[in-house]
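Here the structure is laid out as structure tokens; the discussion comes afterwards.
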Amino acid sequence: MAYNQHIPTVPLPQGLALLLLLIAVQTAAQNVTSPYSNLGIGDIDNKDFSRYAASGSAALSRRNEVSYNFSNPASLTSLGEKVVNLEFMLRGRSSVFRMNAADTSTAASKDLTIKRISLSFRPSARTGFAFGLRPYSSVNYQYQLSGVVYSDGTAGYSRTVEGDGGINQAYGSFSYALGKRFSAGVTGSFLFGNTTRKTSYTDPLLNLDITKKEYSYYNGAALQTGFQYYTPAQRKWQHTIGLTATTGTRLKGYSKTEYLNVDTAFLTNSNGSAVFNMPLSAGIGYTLSNREGLSLSIEGDYYHWSKQAINYSNSYTAPSVRLGAGWEYAKREQYLTSGGASYEKYYLAMGVTAQNSYYLLAGNHVWDYSATLGGGYNVARNLYMHGGLEFGIRGSNKAGQIREQYTQFTLGLTIRDIWFRAKQAGN
């Protein structure tokens, strides 16, 4: 099997060393304080964090032999046959916030975190598999309330509220090619995690230092089906249509409250069950591409959240949408040997996205608009790197919301190697 056989090889252990470096960087990073993660089960980011992040996260109809596409399991049959792909996705974010009716913005808040680890491979011409772990939602906020006044007019205690945690998603995917133009796939997921809300009451005059910790533990499951139709690659222009549908069970678990005095617990209450209803969702995407490496993609996603109250006055979950569109150019080069085989050397991409929140605040969605750009490069036979930048605005002061202006980058590392059975067969 001639897979990039004339590109210099980077040993696999070196690639794993890069992973350890990424984990070390993440451990030392500080998290963005997101006020919107105070709501529901936290911030849910439906955007792509792999190759297709740079092209507006319009990924449902994308197929590529060197890049695993998490958005649609049907795309697994497009991967290189008998090639194992180990991927790590890193995201960095910097945000500034402007409160409603405020004249100035806050100082920049920064974040660096791994967004996905996955293993994908295509053992035969008709089948593909993938396994991975990613955050589904994240909770991270902090704010302080002061000026609580005693009846005699003196200053009162201060109250600091912090939240952290989130929901994780462990998943497995399978895809099968139904002939030469159709592919279908399924992704089964296990959702699990917890959220913590810590409220600290302090007053040096009264020697007051009491902390209230509220824990909610969740778990559940989700099932996604995917479908892709694609025209033959030999044609000058190819058309691909991607469809997905997802259903999830309720997130169920339990909650408890703990009271501490100077880090020593003196009271713990069990509050019973914790429940959060998950949405039904569906998406459709279309890609027009040619043999020269140009691709144009559009996508629309709908999330049907049933109405349920969340922990804010006059707020509840509601149906939401996401729209994305992108452009990509991929440069392919010929192998040094004869036969006409080629490989992808690099790609460039750009796009736009618009989405709204899965909740309403005082009757209004929180809208998020962004523009993206980026690219990738085949560093060596078994090492592919890609990255992207995104510039966006979330929330509107005119709607009485906190306005977030953010810049984020994605960095992906794909370590590829020929399946061990294929290696043995070639020896």
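The values are calculated or read from the model by the stated rules, or taken from the named source; none is laboratory data. Since the model is a prediction, treat every value here as computed from it, not as a measurement. With ideal geometry, Cβ positions are generated from the backbone for all residues, glycine too; neighbour counts draw on all protein chains shown. What goes into the accessible areas is simple: the full protein's heavy atoms, side chains included, and nothing from ligands, DNA or RNA. Shrake-Rupley method; radii C 1.70, N 1.55, O 1.52, S 1.80 Å.
For the listed residue pairs Lys198/Lys256; Lys47/Lys82; Lys110/Lys398, the alpha carbons are over 20 angstrom apart in Lys47/Lys82; Lys110/Lys398. Here the accessible area of the stretch 192-311 is 57 percent carbon and sulfur, with a 1.4 angstrom probe and all protein chains present.
Surface composition of the stretch 350-409: carbon and sulfur make up 65 percent of the accessible area, probe 1.4 Å.
The residues of the stretch 161-254 present an accessible area of 51 Å² per residue when probed at 1.4 Å with all protein chains retained. Among 254-260, 185-191, 309-315, the peptide with the highest mean count of other Cβ atoms within 10 Å heads the list, and the full ranking is 185-191, 254-260, 309-315.
Which part of the stretch 277-321 falls in the paramagnetic zone of Ala245, meaning amide N under 11 Å from the point 7 Å along Cα-to-beta-carbon? Those under the cut-off are 281-283.
Placing R0 at 60 angstrom, the Cβ-Cβ distance between Phe182 and Tyr259 gives a FRET efficiency of 0.55 after rounding to 0.05.
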